[in-house]
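Report on one structure; see the data block that follows.
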Amino acid sequence: MPVPRPVPSPEVLRAGAPAVRATGLRKTYGRGDAAVHALAGVDVEFTRGEFTAIMGPSGSGKSTLMHCLAGLDTATAGRVFLGDTELTALRDAELTRLRRDRVGFVFQSFNLLPVLTAGENLVLPLQLAGRTPDRAWHEEVVTRLGLRERLRHKPSELSGGQQQRVAVGRALLPRPDVVFADEPTGNLDSRAGAEVLGLLRASVREFGQTVVMVTHDPVAAGYADRVVLLADGRLAGGLSDPTPDDVIDALRTLGA
């Protein structure tokens, strides 16, 4: 039997609909003279089935943008949509359910529960949602990530690269509309980082997943289909089919 692939929600599948988008997005920390405008009116779209990297100098607002897009932080103004669902209009409980059911996360620090095995960490989000993992899809993910011999191991018994592979699998198993990755290779050596980036790219090209990644690393950005550049909380351009050298040149023009 063919292995089922991730299926975005019907509204994200609507012809021409971006997976996630923001309009007039603003985020301000503090007040008065102490106010910091992390985002200053950002309009951006992320295409379904595409791997996009968000980059910019330190303090450009790239992590803030991702956190607002993923519903992890509240915008000061503007609107964020996942498909046709406006995140910025949801109540806390509704937003929690949306993040659980339609969004996947991969963080720099792995965020695995140390008392659970790799296999238990993989299926934890589905269990919390009261859902049963699809057996064929679970087998596909475990095989593709090379984790079959590690499922009974606790995180402390895994290398950093193996832990991050578990985190990637945990994000993919629920078949989310979007996977957000925040500096996913920041704690890894170059070899393990390349493995994780290759897996994220494969999830897009082989499984049709949508991935939005924040990174400071031009090599990591070279795995993406597109780079969105930020500076001073505003869009500052973009690159298609980027190479690391392209990214370095673009960042140099922004003073990074």
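Descriptive notes on the structure:
- Hits in region 77-116 (condition: surrounded by fewer than 14 Cβ atoms within 10 Å (Cβ to Cβ) and hydroxyl-bearing (Ser, Thr, Tyr)): Thr96, Ser109
- Of all positions in region 2-13, at least one carries a residue that is modelled with pLDDT under 95, surrounded by 13 or more Cβ atoms within 10 Å (Cβ to Cβ) and closer than 19 Å to Pro184 by Cβ.
- Among residues of region 27-42 being free of Cβ contacts under 8 Å to residues at least 12 places away in the same chain and aliphatic (A, V, I, L, M), the one that is farthest from Val228 (Cα to Cα) is Ala34.
- If the condition is being at pLDDT below 90 and either small (Gly, Ala, Ser) or more than 14 Å from Pro218 (Cβ to Cβ) (or both), then region 236-256 contributes Gly255, Ala256.
- Of the criteria (1) crowded, with 18+ Cβ neighbours inside 10 Å; (2) at pLDDT below 95; (3) within 23 Å of Ala171 (Cβ to Cβ), which one Phe46 fails: (2)
- A single entry from Thr76, Thr52 fulfils the requirement of being in contact (Cβ under 8 Å) with a residue 40 or more places away in the chain, under 25 Å from Gly208 (Cβ atoms) and not aliphatic (A, V, I, L, M): Thr52.
- In region 162-186, residue nearest to the chain's Cα centre (by Cα) [restricted to those that are of a type in the set (Gly, Ala, Ser) and closer than 20 Å to Glu139 by Cα]: Ala171
- The criterion of at least 1 residues that are of a type outside the set (D, E, K, R) and under 15 Å from Phe107 (Cα atoms) is met, among helices (runs of 4 or more DSSP H) falling completely within region 117-187, by 118-128, 160-172.
- For region 123-143, the criterion of being free of Cβ contacts under 8 Å to residues at least 12 places away in the same chain and either buried (at least 17 other Cβ atoms within 10 Å of the Cβ) or within 21 Å of Pro184 (Cβ to Cβ) (or both) is satisfied by at least one residue.
- Sole residue being within 14 Å of the chain's Cα centre (by Cα), of a type in the set (A, V, I, L, M, F, W, C), part of a helix (DSSP H, G or I) and over 28 Å from Thr96 (Cβ atoms), chosen from Leu197, Leu251: Leu197
The values are calculated or read from the model by the stated rules, or taken from the named source; none is laboratory data. What you see is a predicted model, and the numbers here were worked out from it, not measured in a lab. As a convention, Cβ positions derive from the backbone with ideal geometry for all residues, glycine included, and neighbour counts pool all protein chains shown.
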